[in-house]
1. In the range 279-288, what count of residues is obtained for those that are open to solvent by 20 Å² or more (accessible area, probe 1.4 Å), modelled with pLDDT under 95 and not small (Gly, Ala, Ser)?
2. Starting from the range 117-134, take each residue that is under 14 Å from residue 197 (Cα atoms) and list its partners that are polar (S, T, N, Q) and open to solvent by less than 30 Å² (accessible area, probe 1.4 Å), counting only C-beta distances under 8 angstrom and pairs at least six apart or across chains.
3. Would you pick out the residues in the range 485-496 that are open to solvent by less than 60 Å² (accessible area, probe 1.4 Å) and part of a loop (DSSP other than H, G, I, E, B)?
4. Report whether or not residue 320 is closer than 16 Å to residue 250 by Cβ, touching a Ser or Thr at 6+ places or on another chain (Cβ under 8 Å) and not in a helix (DSSP H, G or I).
5. Cβ-Cβ distance below 7 Å, separation of 6 or more or different chains: which pairs start in the range 527-554 with a residue that is among the basic types (Lys, Arg) and end on one that is in a loop (DSSP other than H, G, I, E, B)?
6. Would a scan of the range 445-466 turn up a residue that is within 20 Å of residue 370 (Cα to Cα), aliphatic (A, V, I, L, M) and at pLDDT 70 or above?
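The values are calculated or read from the model by the stated rules, or taken from the named source; none is laboratory data. Since the model is a prediction, treat every value here as computed from it, not as a measurement. Ideal geometry is used to build each Cβ from the backbone, glycine not excepted, and the neighbour counts take in all protein chains shown. Ligands, DNA and RNA are excluded from the accessible area calculation, which covers all protein heavy atoms including side chains. Shrake-Rupley method; radii C 1.70, N 1.55, O 1.52, S 1.80 Å.
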Amino acid sequence: MPQPASPSIDERFTHLLNGKYPLEPHEVASIQDAIETETLAITKLELAISKLQQEVTEHESKRKAYESFLSPLRRGLLPQEILGEIFGFALGLPGKLTRNSNELKRLCLVCKSWRHAALARPALWARVSLHARTEHPPDMEKVRGWMQRSGTVPKKLAIRVSGDHCTDDFRGRACPLAFQGLAAFLADGPALDELSLKGQSDKCLEQLIDLVKHDQLNRNTPVQPWGTIRSLTLGMVKFQSSGTQSSWRILDDLPPLTSLSLTFPNLLWHSNELLPNRPLPFASLTSLTLRCDWPAVWILRNLENSNNLEDLVLDSHQVFRGDEDTFAQAKPILLPKLRTLHFRHMISFSFDTQILQRLRMPSLERIDLGFNADESEIDRFPELDSSRQNLYQDIKAMTQGVNCVSSLQTLRLGEEFGISSAGLLRILKLLPSLSGIVDFNINWLPTHPSGQRGTGIVDFNIDNVATDPDLFERAGCTKSLLPRLRTLEINDGYGDFDPADVCAYLIKRKDSATEEAPDYFEAFIMSTAFDDPHNADESAEKLRRRGVRVDIDI
């Protein structure tokens, strides 16, 4: 092994390298002087190195700047179509463009290339959402120019107003929605696919439509945007009058539509006599949303001729729909093409789902039951569980009789909702007799290896449903519960479920499978606030060894 080279030192001290001689005082002084000399030399070199390192850093910074000039974007190597797609994601499309319109303008001001990329992405310019004020009405000519950049992409315009007007209490006040610029835009502007108008009352909407009709007569041309609207959203906060019924003319002047969303004023203490007393024009609709607390009997009466409906949303605005006394008079309504039915924002003790007893839906594939209970209801859910008996009866009724639900694929029951484990299992036991019940929240039906739809839930998602911790212990004692279960997802914000208990139930399912009754389970996903998950990792590993994907977030 080569020896390290001897240091080159002053000749005065070379004799000291070959022996350990005692030093004379003058030698000590000379050596100390040599040490100081070398120290000064080292300091100078370190300063020089530091200066050189600083120069290297400066040159590296310049090099990076020069390299940035050769980026794919600057050299035109990034196609404008891809850059436009990136802009779409950055602005959150599809969505409301009110907040994003200024951001889109700023993107266009970055450079010429970015502006060209934005202009080459028509979808960026296809949606406009405005807030109309009486003192500052929107400039619809600017909106027209904006939307013209969207080319043939389907366009959406949304306008909302606020303030007190268009009711008996505020007569004489100008309506910010009924202004000439908007009427002219709807008369001869670009063709619209979707239109959303949210006013104070139905009077706002009536005044606007009157202006549109007047503009049409003056121009002697067909109303282009109004006549091409496929989807219309109308919102009203208050009744025009609290004492007399409105004419509801707006509902008779609708363009030919396939999708309609209506937000009516909440009835609360008002009389049912304020409601429209004639059937609404729903016959051509394939999608309908009703946001109101109006009686189920009124809803059923207006659904009587809705034979083309495929999607129906009933949103009660977390208000009690109090018509259980008159519901017995309602007759069954056939919706032969209905595929999805959504209940939204139901209060826990309401009777909203009783409408299921009167709806005949032979093509129904999905039901979404969304409850919004307050904390006191969740805390006392065992005492309130009698209302779940009503839910059980409603679901049971829709699966029986002529034209009953026979091809259900998805069932969602969740959000802030309390139910005992016995009540929940009782509802689930109704499902194996149906073909293709998929899921307890939002997942979709995979097909069987044979290509046939299965019987029973395939994906089961518990989303903040407060129930007893012994749910899965009870489920383990129930034979043939959810026999086609493939995925179980639990979002347990209440900390009700021990992950180890859930894993034990799933392991038992796997171990009890036979060739005649195979187990299809594939994935377990859980997010929980459970306090003491001491056996979760061990149980999860046992489940993984059985071929199940497990993801537990505690």
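1. 2
2. Filtered contacts from the range 117-134: 128/101; 129/196.
3. Those that are open to solvent by less than 60 Å² (accessible area, probe 1.4 Å) and part of a loop (DSSP other than H, G, I, E, B): 485, 486, 493, 495, 496.
4. No, not satisfied.
5. From the range 527-554, the pairs are 549/522.
6. no
Here is a yes/no grid of residues against (1) of a type in the set (Ser, Thr, Tyr); (2) under 45 Å from the mean Cα position of the chain (by Cα); (3) surrounded by fewer than 10 Cβ atoms within 10 Å (Cβ to Cβ); (4) at pLDDT below 95:
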| site | (1), (2), (3), (4) |
| --- | --- |
| 46 | no, no, no, yes |
| 50 | yes, no, no, yes |
| 55 | no, no, no, yes |
| 66 | yes, yes, yes, yes |
| 73 | no, yes, no, yes |
| 77 | no, yes, yes, yes |
| 88 | no, yes, no, yes |
| 91 | no, yes, no, yes |
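Residue-wise test of (1) hydrophobic (A, V, I, L, M, F, W, C); (2) under 30 Å from residue 163 (Cα atoms); (3) within 30 Å of the chain's Cα centre (by Cα); (4) not in a helix (DSSP H, G or I).
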site: 103; (1), (2), (3), (4): no, yes, yes, no
site: 107; (1), (2), (3), (4): yes, no, yes, no
site: 117; (1), (2), (3), (4): yes, no, yes, no
site: 131; (1), (2), (3), (4): no, yes, yes, yes
site: 134; (1), (2), (3), (4): no, yes, no, yes
site: 146; (1), (2), (3), (4): yes, yes, yes, no
